[in-house]
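These notes concern the structure reproduced below.
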Amino acid sequence: MGYVRWLGHATFEVELDGYLVLIDPWLTNPASPVSIEEYKDKVDLIIVTHDHGDHLGEAVELMKLNPKARLAAVYEIANDVAAKLGQSESNRVIGANIGGPLKMDLDLKVLFTPAAHSSEKGVPTGVVIIGKEATIYHAGDTGLIAEMQFIGELYKPDIAMLPIGGHFTMDEVQAAKAVELIKPKVAIPMHYNTFPVIQADPEKFKKLVEEKGLGTKVVILKPGEKYSF
């Protein structure tokens, strides 16, 4: 049995097929219930969707605490992380781009997807993680994009984590439309209420999704809570 655990903002801990994955590991965000040290020697894969501080987070520190972990990100972000880790550790960093599955020595399929946002380096992305237990889509920071329909058709995500905070990303209304395009079994709202500028109501998002009659279950997590599958 696997799970998705929300750690506040856009940060998630995922256990899938026995692997522990951290997505956008900003573990010091204001809502975070965890510390960086809790993940020492536990992480198999770190995924960074784009190079903003609230998403790259403590990726470098976590790589140092987890000498067997890999990090996957868009090529330019990966190169920057590799440089910070040093030559001897750079082989653990996987630079990729939007497109087909990454070539890596884990028995998971990982694909970066388009996102409408910005990034200090490289381009912003979402990510699809495909395992035997589930297929998970983390949209990253993004506005509503038509490509979400292709993600739904091609990969049929069981779980979609979607930003609802507005201002920098989709709001509740746009995220509900994203659910309509993706058609996941479960939708989990993220990237809201961390700061005043991204205040949003997850119950409003849930209501809007339910009104569409899609059959998608909206799961609202508090930081630290898990959804098991």
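Readers should treat all values here as calculations from the given coordinates under stated rules, not as data from a laboratory. Values in this document were obtained by computation on a predicted structure and should not be read as measured data. We place every Cβ from the backbone using ideal geometry, glycine too, and count neighbours over all the protein chains shown.
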*So how many Lys-Lys pairs in segment 65-210 land under 17 Å Cα to Cα, not counting same-chain pairs under 8 apart?*
18
_At 1.567 mPa s and 4 °C, Stokes diffusion of segment 116-167 via Kirkwood alpha-carbon radius, µm² per second_ = 109
_Can you tally the net charge around residue 145? Count Lys and Arg as +1, Asp and Glu as -1, for every other residue whose Cβ sits under 15 Å from the Cβ of residue 145._
-4
*Going toward the positive end of the dipole of the chain, with +1 on Lys and Arg Cβ and -1 on Asp and Glu Cβ, which of 169, 100, 119 do you reach last?*
100
_Cβ crowding within 10 Å averaged over residues, with 130-142, 215-227, 19-31 ranked highest first_ = 130-142, 19-31, 215-227
*Lys/Arg Cβ at +1, Asp/Glu Cβ at -1, dipole of the chain taken about the Cα centre: which of 224, 195, 213 is farthest positive-ward?*
213
*Determine by what factor the alpha-carbon radius of gyration of the chain differs from 2.2 N^0.38 Å, reporting the quotient.*
0.93
*Classify segment 1-119 as rounded, prolate or oblate, taking a ≥ b ≥ c as the square roots of the eigenvalues of its Cα gyration tensor: rounded when a/c is under 1.5, otherwise prolate if a/b is larger than b/c and oblate if not.*
rounded
*asked:* Using amide H atoms built in the peptide plane, which far-off residues or other-chain residues are under 5 Å from residue 70 H to H?
replied: 45, 46
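Given a Förster distance of 30 angstrom, what is the FRET efficiency for residue 106 paired with residue 28, based on the Cβ-Cβ distance and rounded to 0.05?
Given R0 = 30 Å and the Cβ-Cβ separation, E is 0.70.
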*asked:* With angles folded into 0 to 90 degrees, how steeply does helix 75-85 sit against the dominant principal axis of the chain? Use alpha carbons for both and round to 10.
replied: 50
*With +1 on each Lys and Arg Cβ and -1 on each Asp and Glu Cβ, how big is the dipole of segment 23-129 about its Cα centre, in debye rounded to the nearest 20?*
300
*Is it possible to state the helix-based mean residue ellipticity at 222 nm for the chain, with each DSSP H run of 4+ residues giving -39500 (n - 2.57), the sum divided by total residues, to the nearest 500 deg cm²/dmol? What is it?*
-6500 deg cm²/dmol
*How high is the relative contact order of the chain, given as a whole-number percent (alpha carbon pairs under 8 Å, six or more residues apart)?*
18
*asked:* Under the rule of at least 5 residues apart or a separate chain, name every residue whose amide H is placed under 5 Å from the amide H of residue 140.
replied: 127
_Cut-off 10 Å between beta-carbons: net charge of the residues surrounding residue 25, Lys and Arg +1, Asp and Glu -1_ = -4
*State to the nearest 20 debye the size of the charge dipole of the chain about its Cα centre, where the only charges are +1 on K and R beta carbons and -1 on D and E beta carbons.*
420
